[in-house]
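Here is the structure we will look at.
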Amino acid sequence: MFSKIRRSLLPETSASGSWRTWKWYLGNYIFILPFMILFAIFIFRPILASLQMSFFRWEIFGPKPFIGFENYDELLTDDLWWVALRNTVYFAFLTSALLTTVPIFIAISLNTNIRGRNVFRTLFFFPYVLSASVVGLVIRWLLGQQFGIINYLLDSIGIGPIPFIADSDLVIPSLSVATLWWGFGFPMLIYLAGLSNIPQDIYEAARIDGARGWQMTRYITIPLLRPTILFVAVTQLISHFQVFAQPYVITNGGPGQDSFTVIFYMFRAAWTYFRMGFATAMAVLLAVIIMAFTLLQFRFGGRRLEY
């Protein structure tokens with residue numbers, strides 16, 4: 001189908017129309033040229049520089065000898081790297097699952113003609129515009145064991161304080177729920193945009209056939225939102241594999257090393273110990289891991305889209 005659309009958009013390719021065909025392609029390339037220049041300067045070149053740096057003992061001061069794969073060998077035998085990777089994978093999958101599923105139902109509710117829906121949309125989106133430092137202060141004020149307002153309320157009804165961000169089993173789920181509150185607005189808007197593209201005639205036909213409420217959500221809304229759901233799932237997983245602000249501001253990697261993430265470790269290696277080559281080796285491995293999980297999502301998610 002796409003090849004037919006593309007052929008219909010192309011100009012005639014006869015001998016007399018070859019000049020027009022060349023101009024058509026040239027015009028398209030000229031339009032994307034500014035982006036490609038900026039991409040090469042600010043994204044592609046730094047990626048190559050980081051890859052090169054990972055093969056050197058690159059410190060801010062002193063010589064920078066070539067050491068080959070020593071940074072990678074050290075990283076793969078570093079227990080702290082595996083702890084940080086485990087915490088990162090746990091956080092990324094839990095948070096992306098929450099931010100992929102929960103906003104769907106809120107978006108469906110806000111897509112109806114309920115009274116004050118624009119106010120509710122604004123309230124749900126508002127935390128997304130807050131900075132990481134503000135979110136960190138708010139979460140610590142809410143979840144703190146001694147002075148947190150949630151523990152104060154729990155203690156007032158006899159449940160007692162719960163160490164949300166001071167317990168090794170609760171810290172990652174607590175950070176995930178905090179991130180759900182913080183990042184809720186973006187996937188909600190994406191789902192609202194996807195819902196607006198679903199023809200209302202389908203719902204009208206379903207109502208005539210006797211479908212109601214959850215049946216229309218299950219058999220019409222969710223299947224037609226699959227491309228949007230795949231987009232949200234992929235972007236959220238990529239984003240939360242790079243988690244840094246939440247553990248840095250809220251828990252400082254603690255308790256112990258239970259919220260110590262890859263980007264947090266990379267930050268400390270680069271700017272506390274000035275081991276830039278070692279830190280860029282982490283960045284390269286993390287990029288490979290993110291790419292692998294993204295390709296798996298596209299493979300299995302795209303296969304489901306074909307059904």
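Some notes on this structure:
- The residue list Thr221, Thr235, Thr228 contains one member that is within 30 Å of Leu80 (Cβ to Cβ) and in a helix (DSSP H, G or I), which is Thr235.
- Unique match (being of a type outside the set (Gly, Ala, Ser), open to solvent by less than 90 Å² (accessible area, probe 1.4 Å) and farther than 28 Å from Gly194 by Cα) among Asp78, Asp73: Asp78
- Region 210-223, residues that are within 12 Å of Ile104 (Cβ to Cβ) and in contact with a helix residue (DSSP H, G or I) (Cβ under 9 Å, 6 or more places away or on another chain): Thr217, Thr221, Ile222
- Residues that are among the charged types (D, E, K, R) and either open to solvent by less than 70 Å² (accessible area, probe 1.4 Å) or within 26 Å of Phe274 (Cβ to Cβ) (or both), drawn from region 23-54: Arg45
- Residue in region 149-172 that is of a type in the set (A, V, I, L, M, F, W, C), in contact (Cβ under 8 Å) with a residue 60 or more places away in the chain and part of a helix (DSSP H, G or I) present: yes
- Test: residue in region 265-279 that is among the small types (Gly, Ala, Ser) and either touching a residue at least 40 places away in the same chain (Cβ under 8 Å) or farther than 23 Å from Leu75 by Cβ (or both): yes
Let's see how each residue does on (1) closer than 21 Å to Gly194 by Cβ; (2) surrounded by 16 or more Cβ atoms within 10 Å (Cβ to Cβ):
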| residue | (1), (2) |
| --- | --- |
| Thr88 | no, yes |
| Leu98 | yes, yes |
| Asn111 | yes, yes |
| Gly116 | no, no |
| Phe125 | yes, no |
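- Lone qualifier among Gly277, Gly194, Gly254 - being outside any helix (DSSP H, G or I) and either touching a helix residue (DSSP H, G or I) at 6+ places or on another chain (Cβ under 8 Å) or at pLDDT below 95 (or both): Gly254
- Single match in Val232, Val171, Val177 (criterion: within 29 Å of the chain's Cα centre (by Cα) and open to solvent by 20 Å² or more (accessible area, probe 1.4 Å)): Val177
- Scanning region 257-273 for residues that are surrounded by 15 or more Cβ atoms within 10 Å (Cβ to Cβ) and either in a helix (DSSP H, G or I) or aromatic (Phe, Trp, Tyr) (or both) yields Phe260, Val262, Ile263, Phe264, Tyr265, Met266, Phe267, Arg268, Ala269, Ala270.
- Complete set of residues in region 38-63 that are over 18 Å from Met282 (Cα atoms) and more than 26 Å from the chain's Cα centre (by Cα): Phe61, Gly62, Pro63
- Residue list for region 188-220, restricted to those being among the basic types (Lys, Arg) and surrounded by 10 or more Cβ atoms within 10 Å (Cβ to Cβ): Arg207, Arg218
The values are calculated or read from the model by the stated rules, or taken from the named source; none is laboratory data. This structure is a prediction, so every number in the text was calculated from the model and none was measured. Heads up, the Cβs are rebuilt from the backbone with ideal geometry, glycines too, and the neighbour counts pull from every protein chain shown. All accessible areas refer to the heavy atoms of the entire protein, side chains included, with ligands and DNA or RNA removed. Shrake-Rupley method; radii C 1.70, N 1.55, O 1.52, S 1.80 Å.
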